[in-house]
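A.B. asks: Got a structure for you, written out below as structure tokens; questions coming shortly.
The values are calculated or read from the model by the stated rules, or taken from the named source; none is laboratory data. Bear in mind the structure is a predicted one, so any value in this text is a computation, not a measurement. Using ideal geometry, Cβ is built from the backbone for each residue, glycine included, and neighbour counts are taken over all protein chains shown.
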Amino acid sequence: MAGTLAERIIAQHLATGDMKPGEEIALRVDQTLTQDATGTMAYLQFEALGMDRTRAELSVSYVDHNTLQTGFENADDHRYLQSVAARYAAYFSRPGNGICHQVHLERFGVPGKTLLGSDSHTPTAGGLGMIAIGAGGLDVAAAMAGEPFYLSMPSVIGVDLTGELTGWASAKDVILELLRRLSVKGGVGKLFEYFGPGVATLAVPERATITNMGAELGATTSIFPSDERTREFLAAQQREQAWTELVAEPGAEYDEVIRIDLSALEPLVARPHMPDNVVTVTELAGQPVDQVCIGSCTNSSLSDLMTVAAILKGSTVHPRVSLVISPGSRQVEEMIARNGALADMLAAGARVLEPACGPCIGMGQAPPSGGVTVRTFNRNFRGRSGTADAAIYLTSPAIAAMTAVAGEFTDPAEFGSPVSVELPASFTVDDSMIIAPPEDGSQVEVLRGPNIKPIPLKDPLPDSLTGAVLLKLGDNITTDDIMPAGSKILPLRSNIPAISEHVFEGIEPGFPRRALDEAPGILLGGENYGQGSSREHAALAPMYLGVQAVLARSFARIHRANLINFGILPLVISREDYGRLERGDRLQFDGLRVAVQRGQPIVATRLNTDETIELTCELSEREREIILAGGRLNYIRSRQ
């Protein structure tokens, strides 16, 4: 059978397993990526493994999330990350050099390689023809230690692109269209591979926008071929030697095929509070807005910002609107400064921020109370902007720029013909803000600030457990719901006791104290529990609070893996039993260790009614051993 592109790369990196959808496989990891919101914990975990240096071909530590330094905590973490990268042979991308995914695409991505990143939007590099997967920090630490990455083999979904984008439609509308069709859980257990004649019409930054937001589908990853457009991009980055042509074999068979006619797409907008709540922009015409934010790892490339500058040129931002723009990298920032685009933005009244994640993760630029904010970002979960009652809309850079000028959503036709921007054949390359590690880092002192605390470990799984249902939650609970981000909480990422005080803060402010008082505890969730960010703190902090198990109708891939990594049982509950259980119910589990060892269903007794509930615990043999050990750190160290 002819292989898809994804299957070809996976087969070349297969360490163990059978490439059948749903079967556990292990992949050899070529490159790793961390960022500062997850990287401090990932490197603390790597240090705990006792390795002398990273064993991946390439490891890069980026600083792009926690760049708002309102106290010593973030600065201390950055100093730790720089010193630990030098100690263990990783590259260090300094604050201000740019967003990890944008910089990795520009300076490090290689077609055909595997990339594992402690950020859910790592699949951005799929725009270059990589198998790039987001994971928890502990999985990345293990990959740096030479361990393979374990996952369920995804179904490979072919997305057949025909035609060419016309009018004001953009690459953002391709992925918004997929989200409209499939929903935020429509990609769970799937890998999206783009093919067809429409692929050649999309440049690598456009492809990266699409693969970036595949994370919002719940997909394992997304990938484009490495073709002539890929070669052009790498040549412009003065890295043409990294190019290899990679396409699916003729007659490749996909598990499913989705067809999108690019010429039929029109500008789309995701309404609050989910990325799949998609409508056309014309349906929103006339609705006033208060803020516009342009940037993020989704839409901050040179072509994106040149388009924005062309729309803003000669105009003034509407008096009601605050417009902020974040370049994706220092390369982009320098090039728009030199070609005049930055001046056009400033003249229009835009506020230009440093090349970093910024408002996307609630790190500054919160909109006003009850405000409407239009963003070119990838997520619009309630409260993610930093303002609990704000309404967040997601759209393309062009539509966002028009909205900033008009002060309201507008039919793009009113702006006339689409702007056309011409990009240079060669980009400005200056890697002076990327620090290469020394040949021998064994004598480098690793610098730790007072906010960096030891990693809490969990005891092995007990044979018997009695605990209360602490919360009953609905469908699509996000990792933002479990462990919020923002400028007040993100600086605590290396201090689990402190950050755990904010678990479920937006749902029940007093939850952490109650969880500790009632430990051991159990959480009850609906479908797609734990969607969104890869942040392992959404598992690590509840574990610290005494949560022993999560019962849910289904789990998001990365969060399920993180729960297992920290020894929390992910148990699937039926719709009927989910409906019967309530907050406060006490459940008793007996014979847990034997049931986990044998892969048997786990039975819980509801003590207030004496009913029994059968729960599914589908774990691979390796995952069973991790759960029994009380988490992956315990498991790895027991094997050394």
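A.B. asks: Among the numbered conditions (1) basic (Lys, Arg); (2) buried (at least 18 other Cβ atoms within 10 Å of the Cβ); (3) over 22 Å from ASP480 (Cα atoms), tell me where ARG379 comes up short.
C.D. replies: (3)
A.B. asks: Among the residues of region 457-482, count how many are closer than 20 Å to ILE558 by Cα, crowded, with 17+ Cβ neighbours inside 10 Å and assigned by TED's automatic domain parsing to the domain that holds LEU551.
C.D. replies: 8
A.B. asks: Of the residues THR316, THR403, which is of a type in the set (Ser, Thr, Tyr) and closer than 29 Å to ARG207 by Cβ? It would help to see each step written out before you state the result.
C.D. replies: Working: THR316 fails: closer than 29 Å to ARG207 by Cβ.
Criteria check complete, one pass: THR403.
A.B. asks: In region 590-623, what count of residues is obtained for those that are surrounded by 19 or more Cβ atoms within 10 Å (Cβ to Cβ) and either of a type outside the set (A, V, I, L, M, F, W, C) or more than 30 Å from ILE25 (Cβ to Cβ) (or both)?
C.D. replies: The total comes to 3.
A.B. asks: If you go through region 230-245 one residue at a time, do you hit one that is part of a strand (DSSP E or B) and among the hydrophobic types (A, V, I, L, M, F, W, C)?
C.D. replies: In the first step, residues of region 230-245 are kept if they are part of a strand (DSSP E or B); the result is none.
Looking through region 230-245, none of the residues is part of a strand (DSSP E or B) and among the hydrophobic types (A, V, I, L, M, F, W, C).
A.B. asks: Among the strands (runs of 3 or more DSSP E) contained in region 310-394, which hold 2 or more residues that are within 21 Å of the chain's Cα centre (by Cα) and hydrophobic (A, V, I, L, M, F, W, C)?
C.D. replies: Details: elements: 322-325, 372-375, 391-394.
Result: 391-394.
Residue by residue, here is whether (1) modelled with pLDDT of 95 or more; (2) over 12 Å from VAL321 (Cα atoms) holds:
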| position | (1), (2) |
| --- | --- |
| ALA337 | yes, yes |
| MET345 | yes, yes |
| VAL352 | yes, yes |
| PRO359 | no, yes |
| GLY362 | no, yes |
| PRO367 | no, no |
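A.B. asks: Can you find even one residue in region 294-302 that is at negative phi, crowded, with 20+ Cβ neighbours inside 10 Å, part of a strand (DSSP E or B) and modelled with pLDDT of 95 or more? If you could, list the steps in order and put the result at the bottom.
C.D. replies: So the first thing to find is which residues in region 294-302 are at negative phi, and the list is 294, 297-302.
Of the ones still in play, those that are also crowded, with 20+ Cβ neighbours inside 10 Å are 294, 297-302.
Subsequent filtering for residues that are part of a strand (DSSP E or B) retains 294.
When the remaining residues are screened for being modelled with pLDDT of 95 or more, the result is 294.
Yes, because at least one residue in region 294-302 is at negative phi, crowded, with 20+ Cβ neighbours inside 10 Å, part of a strand (DSSP E or B) and modelled with pLDDT of 95 or more.
A.B. asks: Would you mind finding the one in ARG53, ARG28 that is in contact with a Leu (Cβ under 9 Å, 6 or more places away or on another chain), of a type in the set (D, E, K, R) and either under 30 Å from ILE496 (Cα atoms) or at pLDDT 95 or above (or both)?
C.D. replies: On the way: ARG53 fails: in contact with a Leu (Cβ under 9 Å, 6 or more places away or on another chain).
One residue alone meets the criteria, ARG28.
A.B. asks: Here's another thing I want to ask about it. Check ARG575, ARG535, ARG580, ARG553 and return the single one that is surrounded by fewer than 20 Cβ atoms within 10 Å (Cβ to Cβ), charged (D, E, K, R) and in contact with a helix residue (DSSP H, G or I) (Cβ under 8 Å, 6 or more places away or on another chain).
C.D. replies: Details: ARG575 fails: in contact with a helix residue (DSSP H, G or I) (Cβ under 8 Å, 6 or more places away or on another chain); ARG535 fails: surrounded by fewer than 20 Cβ atoms within 10 Å (Cβ to Cβ); ARG580 fails: in contact with a helix residue (DSSP H, G or I) (Cβ under 8 Å, 6 or more places away or on another chain).
Unique residue meeting the criteria: ARG553.
A.B. asks: Under 6 Å between Cβ atoms, at least 6 apart or on separate chains: pull out the pairs that start in region 574-592 with a residue that is in the same structural domain as GLU518 (by TED's automatic domain parsing) and end on any residue that is in a loop (DSSP other than H, G, I, E, B) and of a type in the set (Gly, Ala, Ser).
C.D. replies: Final answer for the pair search is ASP590/SER464.
A.B. asks: Something else about it: Restricting to region 50-71, name every residue that is among the polar types (S, T, N, Q) and assigned to a loop (DSSP other than H, G, I, E, B).
C.D. replies: Residues of region 50-71 that are among the polar types (S, T, N, Q), as a first pass: 54, 59, 61, 66-67, 69-70.
Once the filter is applied, which keeps residues that are among the polar types (S, T, N, Q) and assigned to a loop (DSSP other than H, G, I, E, B), region 50-71 yields THR54, ASN66, THR67, GLN69, THR70.
A.B. asks: Taking the conditions exactly as written (surrounded by fewer than 24 Cβ atoms within 10 Å (Cβ to Cβ), farther than 19 Å from ARG28 by Cβ and either not small (Gly, Ala, Ser) or not assigned by TED's automatic domain parsing to the domain that holds ASP36 (or both)), does LYS185 satisfy them or not? Outline the logic, then answer.
C.D. replies: Details: surrounded by fewer than 24 Cβ atoms within 10 Å (Cβ to Cβ): yes; farther than 19 Å from ARG28 by Cβ: yes; either not small (Gly, Ala, Ser) or not assigned by TED's automatic domain parsing to the domain that holds ASP36 (or both): yes.
When the stated conditions are applied, LYS185 passes them.
A.B. asks: Of the residues in region 593-614, how many are touching a residue at least 60 places away in the same chain (Cβ under 8 Å) and assigned to a loop (DSSP other than H, G, I, E, B)? Please lay out each step first, then the result.
C.D. replies: Residues of region 593-614 touching a residue at least 60 places away in the same chain (Cβ under 8 Å): 593-594, 596, 607.
Restricting the remaining residues to those that are assigned to a loop (DSSP other than H, G, I, E, B) gives 607.
Matching residues across region 593-614 total 1.
A.B. asks: Can I ask one more? Report, by residue number, each residue of region 615-640 that is under 14 Å from LEU569 (Cα atoms) and not in a helix (DSSP H, G or I).
C.D. replies: LEU615, THR616, CYS617, GLU618, LEU619, SER620, GLY630, GLY631
A.B. asks: What's the total number of residues in region 138-150 that are buried (at least 23 other Cβ atoms within 10 Å of the Cβ) and in contact with a strand residue (DSSP E or B) (Cβ under 9 Å, 6 or more places away or on another chain)? Spell out the reasoning first.
C.D. replies: Of region 138-150, the ones buried (at least 23 other Cβ atoms within 10 Å of the Cβ) are 138-144.
Retained after the next criterion (residues that are in contact with a strand residue (DSSP E or B) (Cβ under 9 Å, 6 or more places away or on another chain)): 139-144.
Of the residues in that region, 6 qualify.
A.B. asks: Can you list the strands (runs of 3 or more DSSP E) found entirely within region 489-575 that contain at least 1 residues being within 20 Å of ASP139 (Cβ to Cβ)?
C.D. replies: Filter on region 489-575 gives 547-552, 569-572.
A.B. asks: Still on this structure, please answer the following. May I ask you to verify whether LEU587 is modelled with pLDDT of 95 or more and out of contact with any Gly (no Cβ under 9 Å at 6 or more places or on another chain)? So that I can check it myself, show each step before the final result.
C.D. replies: Numbers: modelled with pLDDT of 95 or more: yes; out of contact with any Gly (no Cβ under 9 Å at 6 or more places or on another chain): no.
Criteria not met by LEU587.
A.B. asks: Among all residue pairs at least 6 apart or on different chains, which show Cβ distances below 6 Å where the first residue, located in region 365-388, is under 18 Å from GLN287 (Cα atoms) and the second is of a type in the set (Asp, Glu) and assigned to a loop (DSSP other than H, G, I, E, B)?
C.D. replies: Between residues of region 365-388 that are under 18 Å from GLN287 (Cα atoms) and residues that are of a type in the set (Asp, Glu) and assigned to a loop (DSSP other than H, G, I, E, B), the close pairs are PRO367/ASP290; PRO368/ASP290; GLY370/ASP389; GLY371/ASP290; VAL372/ASP290.
A.B. asks: Quick check, is GLY134 buried (at least 24 other Cβ atoms within 10 Å of the Cβ) and either assigned by TED's automatic domain parsing to the domain that holds SER303 or in contact with a helix residue (DSSP H, G or I) (Cβ under 6 Å, 6 or more places away or on another chain) (or both)?
C.D. replies: Values: buried (at least 24 other Cβ atoms within 10 Å of the Cβ): yes; either assigned by TED's automatic domain parsing to the domain that holds SER303 or in contact with a helix residue (DSSP H, G or I) (Cβ under 6 Å, 6 or more places away or on another chain) (or both): yes.
In short, yes.
A.B. asks: Among the residues of region 59-82, count how many are modelled with pLDDT of 95 or more and surrounded by fewer than 18 Cβ atoms within 10 Å (Cβ to Cβ).
C.D. replies: Qualifying residue count, region 59-82: 1.
A.B. asks: Part of a loop (DSSP other than H, G, I, E, B) and not basic (Lys, Arg): which single residue out of ASP480, ASP431 fits that description? Before you say what the answer is, go through the steps one by one.
C.D. replies: Details: ASP480 fails: part of a loop (DSSP other than H, G, I, E, B).
One residue alone meets the criteria, ASP431.
A.B. asks: From the list PHE92, PHE108, exactly one residue is aromatic (Phe, Trp, Tyr) and within 24 Å of ARG231 (Cα to Cα). Which is it?
C.D. replies: On the way: PHE92 fails: within 24 Å of ARG231 (Cα to Cα).
Step by step, each of PHE92, PHE108 is checked, and only PHE108 is aromatic (Phe, Trp, Tyr) and within 24 Å of ARG231 (Cα to Cα).
A.B. asks: Take LEU305 and decide whether it is touching a residue at least 24 places away in the same chain (Cβ under 8 Å) and in a strand (DSSP E or B). Working first, answer last.
C.D. replies: Values: touching a residue at least 24 places away in the same chain (Cβ under 8 Å): yes; in a strand (DSSP E or B): no.
For LEU305, the condition - touching a residue at least 24 places away in the same chain (Cβ under 8 Å) and in a strand (DSSP E or B) - is not met.
A.B. asks: Taking the conditions exactly as written (small (Gly, Ala, Ser), under 15 Å from the mean Cα position of the chain (by Cα), outside any loop (DSSP other than H, G, I, E, B) and in the same structural domain as PRO21 (by TED's automatic domain parsing)), does ALA141 satisfy them or not? Let's see the steps before the verdict.
C.D. replies: Details: small (Gly, Ala, Ser): yes; under 15 Å from the mean Cα position of the chain (by Cα): no; outside any loop (DSSP other than H, G, I, E, B): yes; in the same structural domain as PRO21 (by TED's automatic domain parsing): yes.
So ALA141 does not fit the description; no.
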